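The values are calculated or read from the model by the stated rules, or taken from the named source; none is laboratory data. All figures in this text were calculated on a predicted structure; none of them were measured in a lab. Cβ coordinates were reconstructed from backbone atoms using ideal geometry, including for glycine residues, and neighbour counts include every protein chain displayed.
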Amino acid sequence: MERILNTIGLSLLALCFVISLSRIAMLNFGERTEAGDKVIEIRMAHWQLEGGIRTAIDAMAKEYMKRHPGVRITQIPIPERIYRNWLITQLVGGTAPDIIQVGMGSTDEHMARFFVPLTDIAQKPNPYNKGNDFENTPLRDTFFDGMLGGFNQNLLEYYGVPISGHTTRLYVNLDLLEEITGSKNLPKTYEELLALTKQVDDFSQNGGRQIIPIAGSRYNSPILMNTLFISQTQKKMLELGPPGTLTENAARTTEALFEGDWGLDSHEVRSGLGLMREIAEEMQPGFMQVTRDDASFYFVQGRALMIVTGSWDATSISQQAGFPFAATQIPLPSKQHPHYGNNVVGIFTEAGGTAGMSLGLTRASKHPEVATDFLLFLAGRETNQLFTNTSKWLPSVLGVEPDPQAKPFMMQAEGYNPGFPLVGPSGRADTNRLIANNFHLLVGPSGSVEQFVAAIRPNFIPYLLIDLEREERVIIQGIQRMDVQLAALAEVARSKPEDAMAQAKFDMISAATSARDRTAYFQQHLIRKAKDRVQQDSK
Amino acid sequence: MPLPISAKKALLEWKLYLFIVPSLFAVGLFSYFPAASAIYHSFFRWSGGDVKEFIGFDNFTAILQDHVFWNSFITIGILVVANVFKMIPSIFLAVLIHRLTSDRWQYWYRVLVVLPMIVPGLVTLFIWKFFFDPNFGVLNNVLDATGIKTLLVSIDGLFNWGIFQAGIPIAWLGEPSLIVPSLIIWGFPWIGAVGVLIFLAGLQSIGTEVYEAADLDGVTPFQKFLHIELPLIMTQVRLMFVLMIIGTLQGYGLQFLLLGEEGGPGGKGMVPGLWMFNRAFLAGEFGYACALGLFLFVFILILTMINNKYVRVDK
Amino acid sequence: MPKLDLTLAPPLLDRRKGMASTCRADRKPFHIPTPWAASLLLCALFLGLGLGEKLHAQAKETENAPPNGSQSPATSLENWEMATIFLFDEAHKNFAKAAGLSQGEEARASRLGEGVTLLTIQPRTLGNLARSQSIFEELISQNPKDATGLAARMYLARFYELHVSPQAPEKAKEIYEGLLTDGLGDTLAELAASRLALIDLYSADSPESLNDAARKLAVHGTKLRTSIGRRALYSNLGLTLNQLRGDKTLAMEYLIAAEAEGLPMQQLDAPLLITIAALAEEMGDMETAKKYYSLFTSRYKRDTRRYSVLKKLEKLGVTDAGPAPTHPAPETAPAPQAQPQS
């Protein structure tokens, strides 16, 4: 009896093993179509779990699979919170999907090592635009931003095909707005926004129903607060120079800080921080501890009148909210504002906004030609139209009619460049951590601008120095790689004088290397100034 | 205790050792290899990809000057002490279940204790996050309804903390001074299923004759606990103590989910594990994070050795 | 030796009943129990699968590998092409192999490739850097003036300038100066002028020395024979002078010279045009300002600065600066939208 039971057990084990073995073999060696050809699987990963996107990708994938029966497209949505870690693990482990959304967690080094440059296809017409007026237009010129959203400034190659565009807006619950104010007029200036929040406070006190004027969270609030802050440094940015500075340049802004052209005590920074505190008082207490989902929850539940978020949340909100809502540009202080107006130049332009949701091709792809073909399909006008119609997100291809729901989010071209932020690039991990750890002093009920500034002042420059040194290492690492690439392209150009592409690439890389060299030297210059400043401050 | 055999005999039975090869291989690949890789990379400036530069002991000397890392040990120290006290409810519940005279009821209580284990820890964390919500969370609502909030406001007024203010919801995870208390409060009533089961197993090894003798001597229930049950389950208590220390020192999931990568306002929730995560994934300093991990490993090893040497249980 | 007390060892004896005796004389034929056989079989299957996977992957790699005719070592050109797509490790291995197998110029070219790729293969160690340095020095000592020699000098200078830690800009400077004597006409060597410019300008300790350094360096521009070399030099001179607040007239001169050579990318060309125009505006040269702002608006229809530049042109009296930004125009929303601030 025991022997029989043992045999049964062992047979079951063997059977399970054989089944899993055959499944693995099938996956490894490929399924077959009815005709006996191998089914090619293309896996595509992204972090856009917002409403509408997965459906849109499914729809596009189905359309592609209809046209190419031997291909199967598998979508892999990964939560944003863990995307960075997941991406690094997949890339380093060699198990990355064929197509990956780039932009979060992917450094230049990752791009160079693990992704295939798409510059070649960017310069040729997209076969999926055959029959329309883009038939002979290079792929990059079919995007509203010239495909800059997929261009890596440091590596000088296109690494992604962007399929959407994004803007940030102030969303307003129209029913609640009418209930509170008696009209559906949206605030056009910061003054009007603040007045509206006061009306909401009065309504909450007298109306018996607790309504949050602006739903805040540690994700949403910085969008609003940083926009208001950079409205105050707009004029200063133009003054900082050197001549030709029309856009914010982190290196130049940092140098100006060390030279004393601006600082934690300068009036534009204090105004910016004051604006941030003022608007924070109109968000729910403890908003910095809640997440994006919580803030969205307050808004769709009708507990908050307004929320600031991107166009990426519009579909999710419309699916969950049981009320009509409108989206408007984040109101800035008008020039007539007695306190904040003097620092403002004008409304921000969104003209230079780059296309988003950039999809890159990994070197780990077993079928790069098919994956590239799928990317080209996604970049086609027809498919982008399908994308916007299904997802309600903004399109990235010119000539695509945005879905009516996406129209309020269209980029506002006319306007001026915004000012500079307090810290600069998000890669400045230590300085950003200093701000984050003391932010409660700025926005907390018993906090103030003075307390916040006093708390960050001792470590502001020292932490910035640490971040600058880290940045320098990254820049130098990048140049070290570019040097080898420069040598390689120089040799190829020398060996193939008739190859126009080789000459053009060498031309580009030599110009880019010079630009990176200038950046590196200026960075070292900044570090010297930072060290001088730290020494000066310690005396 | 297995009988010793000579090396010659062991070699003759070499075929038996092949049984452990698969397990050894798995342990080697999934446990020892990552650890070895971390040790290797701690001597490099490494950003997680292919680019790495050998820098010798620079990472370790940087640790000595890393005040965030050292400050995080203060937080973790407080949490370890709090977790020691948080072991008490599990012991208490195990004793209560053990003293039930009905085997059937014992069984059902054990099932009730184990059932919440089905819920993933992450879900519990998110529920607690909601509890801590300043505006709509259960915790603030209960404090308001019971009048404890008013009491806290008065005490605040006496000591001038500036944390509890009338009319302003308490931001449990938004106020630096409340971060550590929130991390301690988390998980109330602190009854862990694993702990209860381990203690219960220990209690069930106590013979009934011991209890009979105690009854004859007129020992009170509390004295029974203090002089009979607690001493006889000290092995389990010691085991749980070691596991708790290792888990608390290494853990950062709680702080990450509740407070974010920066450790919350004021960085008050920063613990060594979270700092490691921060350095690796935010600052891109994977080599440095490996060095931090190595340091933490040595620290925990030393603590475990001290525990093994000095926290002895007389049999 | 302690006496074995068999009364304590019944379990041991029982276990031994079904097993082969340890006594050689009466050892039974090798008996494999079933669970052990199953374990072995499983292990063998796993290993076999892994090996099969590896062989399959290798076969695919060979199938997908760039064609290499006769299976002989890849040529330098093929290896350089690998390096252009960041396959540095692979290129390095091939270069090292080819350097050993080939002769004459091909060997030198492969050796150069080996030295250059050593600068970037990981992990980055002092040993690799030292080997790279010695390869460059070896190539230079063989022939410092042919294409390979010039490239080796260039990369030795770069090694001192940026690859080694701490950096040694003085050594790099010496080599760059030598290259400007021997390497005129060689595109790579002529880039030495632009590198020299950065070293000298950033080591100036006063505005006067900055401007003097710029004037001395600009002289090289007249000798350089390649457009790439001149463009790099003038860009570095003009933009650095502008950044460090050097002499505006000098900066303007160099920036215009750089622009005349033509920059291949929007990301570099657009800011250059605006910088020239803004500098001209600051110096009161409105005609130059108008010219370069208009050049910018005619070339770049989609740029964040376009609106600001159009406003500047309006102030300068130019009202027909080309069409408005070709972004999709904002449509009327279902609910009223905020209007642009004036």
>> Name the single residue that is surrounded by the most Cβ atoms within 10 Å (Cβ to Cβ) among those in the stretch C:222-281 being within 17 Å of C:Leu196 (Cα to Cα) and β-branched (Val, Ile, Thr).
In response: C:Thr240
> Can you pull out the helices (runs of 4 or more DSSP H) entirely within the stretch C:199-307 that have at least 3 residues that are closer than 18 Å to A:Tyr521 by Cβ and without any contact (Cβ under 8 Å) to a residue 40 or more places away in the chain?
Replying inline: C:207-223, C:227-243, C:248-261, C:266-283
> Does A:Glu135 count as modelled with pLDDT of 85 or more and in a loop (DSSP other than H, G, I, E, B)?
Replying inline: yes
>> So, in the stretch B:166-188, how many residues would count as being among the aromatic types (Phe, Trp, Tyr) and at pLDDT 90 or above?
In response: 2
> Here are some conditions: (1) under 30 Å from B:Gly195 (Cβ atoms); (2) touching a helix residue (DSSP H, G or I) at 6+ places or on another chain (Cβ under 8 Å). B:Ser23 meets all but one. Which one does it not meet?
Replying inline: (2)
>> So if I check each of A:Gly52, A:Gly103, which one is under 29 Å from A:Thr291 (Cβ atoms), within 16 Å of the chain's Cα centre (by Cα) and small (Gly, Ala, Ser)?
In response: A:Gly103
> How about the stretch B:216-234: which of its residues are exposed (fewer than 13 other Cβ atoms within 10 Å of the Cβ) and closer than 9 Å to B:Gly202 by Cβ?
Replying inline: none
> Got a sec? Which of B:Phe256, B:Phe222, B:Phe281, B:Phe241 is farther than 30 Å from A:Gly427 by Cα, touching a helix residue (DSSP H, G or I) at 6+ places or on another chain (Cβ under 8 Å) and of a type in the set (Phe, Trp, Tyr)?
Replying inline: B:Phe241
>> Any residue that is crowded, with 22+ Cβ neighbours inside 10 Å, within 14 Å of chain C (Cβ to nearest Cβ), in a helix (DSSP H, G or I) and not aromatic (Phe, Trp, Tyr) - is there at least one of those in the stretch A:376-387?
In response: yes
> In the stretch B:155-192, which residue that is in contact with a Phe, Trp or Tyr (Cβ under 9 Å, 6 or more places away or on another chain) and among the small types (Gly, Ala, Ser) is farthest from B:Pro265 (Cα to Cα)?
Replying inline: B:Gly157
> Looking at C:Arg158, C:Arg124, C:Arg131, which is the one that is under 25 Å from C:Glu81 (Cα atoms) and either within 14 Å of chain B (Cβ to nearest Cβ) or in contact with a Ser or Thr (Cβ under 8 Å, 6 or more places away or on another chain) (or both)?
Replying inline: C:Arg124
> Which members of the stretch C:176-195 meet the condition of being within 11 Å of chain A (Cβ to nearest Cβ) and not hydroxyl-bearing (Ser, Thr, Tyr)?
Replying inline: C:Asp186, C:Leu188, C:Ala189, C:Glu190, C:Leu191, C:Ala193, C:Arg195
> Taking the stretch A:485-531, which residues are under 14 Å from A:Glu157 (Cα atoms) and of a type in the set (S, T, N, Q)?
Replying inline: A:Gln485, A:Ser510, A:Thr513
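Yes/no per residue for (1) surrounded by 18 or more Cβ atoms within 10 Å (Cβ to Cβ); (2) more than 7 Å from chain C (Cβ to nearest Cβ):
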residue	(1), (2)
A:Arg481	yes, no
A:Leu486	yes, yes
A:Ala502	yes, yes
A:Met508	yes, no
A:Ala515	yes, no
A:Phe522	yes, no
A:Val534	no, yes
> Looking at the stretch A:252-354, what helices (runs of 4 or more DSSP H) fall wholly within it and have at least 3 residues that are away from chain C (no Cβ under 13 Å) and within 24 Å of A:Gln205 (Cα to Cα)?
Replying inline: A:267-280, A:292-300
>> Would you confirm whether or not the stretch A:420-442 contains a residue that is outside any helix (DSSP H, G or I), farther than 17 Å from B:Gly263 by Cβ and of a type in the set (Phe, Trp, Tyr)?
In response: yes
> So which residues in the stretch B:239-278 are outside any helix (DSSP H, G or I) and either in contact with a Cys (Cβ under 6 Å, 6 or more places away or on another chain) or at positive phi (or both), if there are any at all?
Replying inline: B:Gly260, B:Gly263, B:Gly264
>> Restricting to the stretch A:225-284, name every residue that is among the hydroxyl-bearing types (Ser, Thr, Tyr) and at pLDDT 90 or above.
In response: A:Thr227, A:Ser231, A:Thr233, A:Thr253, A:Thr254, A:Ser266, A:Ser271
>> Can you name every one of the helices (runs of 4 or more DSSP H) wholly within the stretch B:94-154 that holds 3 or more residues which are in contact (Cβ under 8 Å) with a residue 40 or more places away in the chain?
In response: B:103-114, B:121-131
> So A:Gly241 clears everything in (1) buried (at least 21 other Cβ atoms within 10 Å of the Cβ); (2) free of Cβ contacts under 8 Å to residues at least 24 places away in the same chain except one condition, right? Which one?
Replying inline: (1)
> Do you know which of the residues in the stretch A:427-462 that are facing chain B (nearest Cβ under 9 Å) and within 20 Å of the chain's Cα centre (by Cα) is modelled with the lowest pLDDT?
Replying inline: A:Gly427
